[in-house]
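This report concerns only the one structure given below.
The values are calculated or read from the model by the stated rules, or taken from the named source; none is laboratory data. Computed from a predicted model, the values in this text were never measured in an experiment. Here the Cβ is made from the backbone with ideal geometry for all residues, glycine too, and neighbour counts use every protein chain on show. Just so you know, the surface numbers come from the protein's heavy atoms only, side chains and all, with ligands and any DNA or RNA stripped out. Shrake-Rupley method; radii C 1.70, N 1.55, O 1.52, S 1.80 Å.
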Amino acid sequence: GQMPKNFQVIDVGMSKVCSIIAEIDEAGMMRVLGVGVVPSKGMQKGIVVDIDRARRSIQESVRMAQSTSGIEMKSAFVSITGRHLRSVNNRGTVGIFRRSRLVSPGDVRKAVAESTSITIPSDRRLVRIIPRYYILDGQVEVKDPVGMHGFRLDADTHLVTASATAIRNLVDCVRSAGVEVEDLIPGAVAAGEAILNEEEKELGAFVADIGGGTADIALFKQGGVWHSAALPIVATR
């Protein structure tokens, strides 16, 4: 979709909390306006273990980003990590029944929604749906099927689920620091989107973002995410 003119991000890690306020100019280039980096407290392996201390770290980091940019952070995209993240690839199918047999944006949305009809345990939540590619009439893989002819559309997606309590605690922390959560982004996916170009995503690339408590890993190929996970880092002496 359209990127907001200015957008805010909070990355809550085990060693540091980083808040960024940036803007996108007309040319689509990003300009960072404010940054706040503070030591992270109350987090362990990507999970909130002390709400008060975590909230104070987030608050301090947000305050720094606000004071350097002069912009108030009302809502932000928040990264999530931790070994509670799980990913699975799935497929959703819809028939194209109108006479023209032309695929509409609604058909695409329906096929993607169908792909999420997996059984998710009550203690887990679906946090990210990433379309990988689409298939028309069981044969041709396409990136954007809108406006193409077909009788059947399949959507292949990468689904990321997380522990419902881990999510709730993180969201509560950010909210109590005075910021609404716009969306939750798995750390590995964010890292891949930030550093890989289209060609690298197409040919295949493995991304590992090694942090203080977890390593966020993602495998990109054919332009999409095929596998993602957060592995705990065990300190060895």
_From the phi angles alone, apply the Karplus equation (6.51, -1.76, 1.60; θ = phi - 60°) to the range 20-37 and give each ³J(HN,Hα) in whole Hz, x where the residue is Gly or Pro._
10, 10, 9, 9, 9, 8, 4, 7, x, 8, 9, 10, 7, 9, x, 9, x, 10
*For peptides 100-107, 154-161, sequence by mean Cβ density within 10 Å, most packed first*: 154-161, 100-107
*Packing-wise, with mean Cβ within 10 Å as the measure, how do 138-148, 122-132 rank, highest first?*
122-132, 138-148
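Considering only protein heavy atoms, with the full assembly of protein chains and a 1.4 angstrom probe, order Lys41, Lys201 by accessible area, largest first.
Largest to smallest exposure gives the sequence Lys41, Lys201.
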*In square nanometres and to one decimal, what's the mean projected area of the convex hull around the Cα atoms of the range 155-219?*
6.0 nm²
*So between Glu23 and Phe151, what do we pick up on full extension, going 0.36 nm a residue minus the alpha carbon distance?*
41.9 nm
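Considering only protein heavy atoms and a 1.4 Å probe, what is the carbon-and-sulfur percentage of the accessible area of the range 87-184? Intermediate results must be reported in sequence, preceding the final value.
Numbers: 2590 of 5170 Å².
C and S atoms contribute 50 percent here.
Report the relative contact order of the chain, percent, no decimals, based on alpha-carbon pairs under 8 angstrom and at least 6 residues apart. Could you put the intermediate results ahead of the total?
Values: 562 pairs, mean separation 47.9, N = 237.
It comes to 20 percent, rounded to a whole number.
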*Cα long-axis angle, helix 105-115 against the chain (0 to 90 degrees, to the nearest 10)*: 70 degrees
*asked:* Checking a compactness column here: for the range 76-177, what do you get for Rg(Cα) / (2.2 N^0.38 Å), N being the number of residues?
replied: 1.31
*So what is the 222 nm mean residue ellipticity for the chain from helices alone, if each DSSP H run of at least 4 adds -39500 (n - 2.57) and you divide by all residues, rounding to the nearest 500 deg cm²/dmol?*
-7500 deg cm²/dmol
*Sort out for me the Cα centre separation of the range 43-72 from the range 185-237, rounded to whole Å.*
24 Å
*Under the Karplus relation 6.51 cos²θ - 1.76 cosθ + 1.60, θ = phi - 60°, what is the ordered set of whole-Hz ³J(HN,Hα) values for the range 197-209, x standing for Gly and Pro?*
8, 4, 5, 5, 5, 6, 6, x, 8, 10, 10, 10, 9
*Pairs from Lys45/Lys201; Lys5/Lys74; Lys143/Lys201 whose Cα-Cα separation, in the structure shown, is over 20 Å*: Lys45/Lys201
*Quick one: helix 164-176 against the long Cα principal axis of the chain, what's the angle to the nearest 10°, folded into 0 to 90?*
60 degrees
*Per-residue SASA entry for Thr214, accessible area with 1.4 Å probe, Å² rounded to 10*: 10 Å²
*Based on the inverse mean of 1/r over its pairs of different Cα atoms, what is the Kirkwood hydrodynamic radius of the range 8-57, in Å?*
11.8 Å
*Could you run the Karplus curve 6.51 cos²θ - 1.76 cosθ + 1.60 with θ = phi - 60° over the range 210-222 and give me ³J(HN,Hα) per residue in whole Hz, x for Gly and Pro?*
8, x, x, x, 9, 10, 8, 10, 8, 10, 9, 7, 6
*Percent of alpha carbon pairs in the range 37-133 separated by more than 16 Å?*
72 percent
*Let me know the whole percent of all Cα-Cα pairs from the chain that are separated by more than 27 Å.*
42 percent
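Sorted from largest to smallest, which semi-axis lengths in Å does the alpha carbon gyration tensor of the range 192-237 give for its equivalent ellipsoid, taking the root of 5 times each eigenvalue? It would help to have the intermediate numbers written out before the result.
Numbers: eigenvalues 118, 18, 10 Å².
Each semi-axis is the square root of five times an eigenvalue, giving 24, 9, 7 Å.
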_Between Lys16 and Thr116, what is the label-point separation in nm under the 7 Å Cα-to-beta-carbon projection?_
3.4 nm
